[in-house]
1. For the pair His121/Thr296, report the inter-label distance in nm, with labels modelled 7 Å from Cα in the Cβ direction.
2. Quick check on the stretch 213-270: take the gyration tensor over C-alpha atoms, sort the square-rooted eigenvalues as a ≥ b ≥ c, and tell me if it's rounded (a/c under 1.5), prolate or oblate.
3. Skipping prolines and chain starts, which residues have an amide H placed within reach, meaning under 5 Å, of the one on Thr286, given they are 5 or more residues away or on another chain?
4. Work through the residues other than Val112 whose Cβ is under 15 Å from its Cβ and net out their charges, Lys, Arg +1 and Asp, Glu -1.
5. Amide H neighbours of Leu236 under 5 Å, at least 5 residues apart or on other chains, H built in the peptide plane: list them.
6. Under 5 Å between amide H atoms, partner at least 5 residues away or on a different chain: which partners does Ile385 have, H built in plane at 1.01 Å?
7. Can you send over the solvent-accessible area of His264, 1.4 Å probe, protein chains only, in Å² to the nearest 10?
8. Using θ = phi - 60° and the Karplus curve 6.51 cos²θ - 1.76 cosθ + 1.60, what whole-Hz ³J(HN,Hα) does each residue of the stretch 117-123 get, with Gly and Pro shown as x?
Amino acid sequence: MIPSLEETEERITQPGLARPGDGANGASRSKGMWVVCLVAVGVLGVAFAVRSEKLKHKENPTAADEASHSVIIRADKAYRGDMGVYINALGTVTPISTINVFSQVSGQVLAVHYAEGQIVHKGDPLVDIDPRPYQAQVQQAEGLLDHDRGVLSQAQIDLARYKEAFASNAVAKQVLDDQEQIVIQDQGAVKFDLGQVQYAVVQLSYCHITAPTSGRVGLRLVDSGNTVFAGSSNALVVITQLQPITVVFNVAEDHLGEVQAQLHQHKPLAVEAYDRSAETKVATGTLLTVDNQIDTSTGTVRFRSEFRNGDLALFPNQFVNARLLVKTLKDSVLIPSAAIQRNGTQAFVFAVEKNVVSVRNITEQSTDGRTTAVQGLRAGEIVAISSFDKLQEGTPVQVEQPAQKETAVDKGATL
C-alpha cells in the first residue's frame, strides 16, 4: 500500500523516524572520504619528496651528474725539449753537372755499351765509332814524320861537313849559312809532323767515347749502325750527376741576416728536404752557398744546399720542401701542434686543470709540423687536442684515457 503525501511528510518531520537503509549508507560515505583523504596525502608526500630530491640534486650535483654533462676530450701534456728554428722554402733538386756527350768525329756507330738509366762511372765505355779512317790518318801522319826526320838528319850531317870545310876555307861562308837555315826549316817540318800525328791520335781517340763523369745516363739516343757526324746538335748520351746532388731554394731577404751570421761563424747549417706534401723527409744535407745578389722582382735570394744522396732518393728537377735549420731552441716548452687554435692573429690553447678548461694565449716560437715550441705554458700542463667546437672558458671536461703505448723519448725536433 502506497503511503499518502501527508504520511510521508509526517515521517520526515519526525526525528525518530528514518527511511530503511539510511544508517548503512552514512557509514559507507564516511569510510570513502577517509580513503580519498589518505590517497591525497600520500600523493602530496611523494610529490614533495621528488621535488626535494630534484632541488637537492640541483644544489649539490653528484659526480655522475657532472660526468654526464662533461665534454669528453683527448689531451696531451706539455714537456721540455729542444726545438729547431727553421726557414721553410720551396726548392728544386738541381744536379751539380749535366753533361751532353756529342760526337766529335764522323762515322758509323759500331757499339753502344750503356743501358738506359744505367749508373756509369768516369771512364766507362759508352759508344764506339768506326775507327779505321782515323787509324789510317795516324799512319799517314807518322809516315810523313819519319820522312821529315830523315831529311832533318841529312841536313844536320851536311851542316857538320860544311862547318869542317869552312874551317879549312874549303867553302864560302854563304854556303855554311844556307845549310844552317835548311836545318832550321827541316826542324820546323818535323815539329809540324809531330803536331799532325798528335791531332790524328786525338781524332782516333774520339772514336771510343767514355763517360766524362759519374752519373746516370738517360734514354738511348743512338743505336748501333747509325752514322753520326762531327758538329751535330744531337747528343749521343746525356749523363746527370746524382751523387752528390744539390737543392736550390729561394729565401726571403728578411732572413738573410740571421743566416749570414751563422755562416760567418763557419757553422754548418743543416737542410732537410721533404716531399711535395711536406710530411715525409727525403734527405738531410748542408747549406753549400748563398747567391751573390737578391732578386729584386721577388725579394728573395737563392740558396744552394748539398746532399750526399746515397740512396738516390733525390731526383733531378724534383720539387721538394726545403727546411733550413738556423738555430736550436734549448729546453723549450713543447706541445702538439694539434692543440693550437687561432683567433685572428692570436694563438691560444685550452688548458685543462681539475677537469675544467681555460683559454690560454700563447706565442709560437718554432714548429716541426707535429710539435711546436711555445711561450705562455709551463711544462706538465695538460692541453686539449680534440673537441674544440664544444669548448670554451670554464667548460667541464673529462679526459679520455689513451691506449697503452711505449713512451717516446723525445717527440720534438731535437738536433
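1. For the pair His121/Thr296, the computed spacing is 5.0 nm.
2. Working: a/c = 4.58, a/b = 3.35, b/c = 1.37.
Judged from the Cα gyration tensor, the stretch 213-270 comes out prolate (a/c at least 1.5, a/b above b/c).
3. Distant-sequence amide H within range of Thr286: Val271, Glu306.
4. Values: positive: Arg220; negative: Glu116, Asp124, Asp128, Asp130, Asp223.
In short, -4.
5. Under 5 Å from the amide H of Leu236 lie the amide H atoms of Val101, Phe102, Ser103, each far enough along the sequence or on another chain.
6. Arg74, Ala75, Asp76
7. 140
8. Listing the rounded values in order: x, 6, 7, 10, 10, 4, x Hz.
The values are calculated or read from the model by the stated rules, or taken from the named source; none is laboratory data. Everything quoted here is computed from the prediction, not taken from an experiment. Ideal geometry is used to build each Cβ from the backbone, glycine not excepted, and the neighbour counts take in all protein chains shown. These area figures cover heavy atoms from the full protein model, side chains too; ligands, DNA and RNA do not enter into them. Shrake-Rupley method; radii C 1.70, N 1.55, O 1.52, S 1.80 Å.
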